[in-house]
Every structure is written in structure tokens, then in C-alpha cells.
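Chemist: Pasting in a structure now, in C-alpha cells, and then I'll have a few things to ask.
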Amino acid sequence: DKLDVAGELDIEYPAIIMLIGVNGVGKTTTIGKLAAYFKHQHKSVLLAAGDTFRAAASEQLSVWAERAGVPIIKHGEGADPAAVVFDAAASFKARNRDMLLCDTAGRLQKNLMNELEKMFRVLDRELPGVPVEALMVLDATTGQNAIAQARAFGESAGLTGIILTKLDGTAKGGVAVAVKEELKIPVRFVGVGEGIDDMQAFDPDDYARALLSE
């Protein structure tokens, strides 16, 4: 039962995914890989560069958008993230897209939590009825620190799932079980390499076999 941590998204389109996580966990890379993942499933994807706090964040996301071949909505550094989401929602409706992937800032501060809540309100108002998933990106190599990060974000963000990055060695993947047990949040996806196609839906059977083989 402890390995029942899977939770691949059973998505009805259109849909929105908010990507949440502290700087350094691979969030921007993860968004690019998710864009490619959904595009491979023949879904039309739009990115929103909602991290306007970190220098060059939108530029980095733009590179991934180009690699994945999907459009991106972005503002200048220091802009209101909710304004980015507002424009992205308008473009999402106008272009009749299937999936909106929103980046967010990665700092554990009260004003960030307020920003997240504001972004969720904008999405709820501008895209009523479109389901929103809040996925926390965690670095699988950081162990208990990853769980502490998820707990810190969970209350404001209403997390619905986890994406584990840097899971290219199964020995450090035990955090998947710990996240499920302590936070009761399913693992949705795992990043298993550096390439744009190295994002996979989490498979608990494969995960268990890999752990036991080690």
C-alpha cells in the first residue's frame, strides 16, 4: 500500500497546471518537458511565464518553449504575476488551447503565497470551470528537505500532486513514498534525465521493481 503513490493526471481538456517550487529544483526545465509531453499527446499547449521575480526566468522559459514548439505569454521582470496569468488566460481562450502551463516564483516568502492565491483567483475568474492542478516540483535528491518545502507551500497553493526531478537513480527516489505517506499527495510525474523527452508519468510498479533491484 505504501507504494500506491501513483497519480497520473486523468485530464479532461481544457486544463491548467500551476507549477510550484523553490528555485533550484528544476521547475523551469520541468515546464518545458511537460510542454513536450503533452504536445506528444497531440494537445495544444500554452506557457505562462509567471515567475517575474527571478532574473532571466522568462527568458529561460522562452528557450524551453521554443524547444518544445509551443507559444509563451510573458511580461518584463518585476511585473505582476497575476497580470501575466490574466493575459495568458485571454490568449488561452482566444487560441482555444488544450493545456495552460503556468510558471510561478520560487521563494518561500509571505508575499509569494499572496501572489499564488491571486493567480489562482484570476484563473478561477477568467477561466471558470477549467480544472486547475497545482503540482509541486521537488528535487528527489534532497530527501526530507523536499517534504518540508511541499509542506510550506501546501497550505496556500492547495497542492494536488508532486513532480519529482533528478530521479535518474532509484536509490534517491524513496522520497516518493515519504511524500505520499506524510503529505497524502500523489506523485504525478518524474524527471529521469536532462533531455526534453525525459518526463514520464509516474508508474509505481516500475518504481517498486527498480527499488527492489537495487
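Chemist: For the chain, what's the radius of gyration and Dmax over Cα atoms, in angstrom?
Modeler: When restricted to Cα atoms, the chain yields Rg and Dmax of 16.2, 50 Å.
Chemist: Extending each Cα 7 Å along its Cβ direction at Tyr13 and Ala83, get the distance between those two points in nm, one decimal.
Modeler: Simple spin-label model gives 3.2 nm for this pair.
Chemist: 7 Å from Cα along Cα→Cβ at both Asn114 and Glu194: what's the point-to-point distance in nm?
Modeler: Result for the modelled spin labels: 4.0 nm.
Chemist: Now for a separate question. What's the ranking of 124-132, 24-32 by average number of surrounding C-beta atoms within 10 Å, highest first?
Modeler: On the way: 124-132: 13.4, 24-32: 22.8.
Those peptides, ordered most packed to least, come out 24-32, 124-132.
Chemist: Can you compute the helix-only [θ] at 222 nm over the chain? Use -39500 (n - 2.57) per DSSP H run of at least 4 residues, normalise by all residues, nearest 500 deg cm²/dmol. Mind dumping the intermediate values first?
Modeler: On the way: 7 runs with 91 residues, N = 214.
Dividing the helical sum by the residues of the chain leaves -13500 deg cm²/dmol.
Chemist: Please build a GNM for the chain, connecting alpha carbons under 10 Å apart, and tell me which residue among Leu112, Leu138, Leu34 fluctuates the most.
Modeler: Of the options given, Leu112 has the highest mean-square fluctuation.
Chemist: Hey, another quick one. Quick check for me: using +1 on Lys/Arg Cβ and -1 on Asp/Glu Cβ, what's the dipole size of the chain about its Cα centre, in debye to the nearest 20?
Modeler: Values: 23 positive and 30 negative charges, 90 e Å.
It comes to approximately 440 debye.
The numbers here are math on the coordinates, done by the rules we state, and not lab data. The structure presented is a predicted model; accordingly, all values stated were derived computationally and were not measured. Glycine gets a Cβ as well: all are built from the backbone with ideal geometry, and neighbour counts include every protein chain shown.
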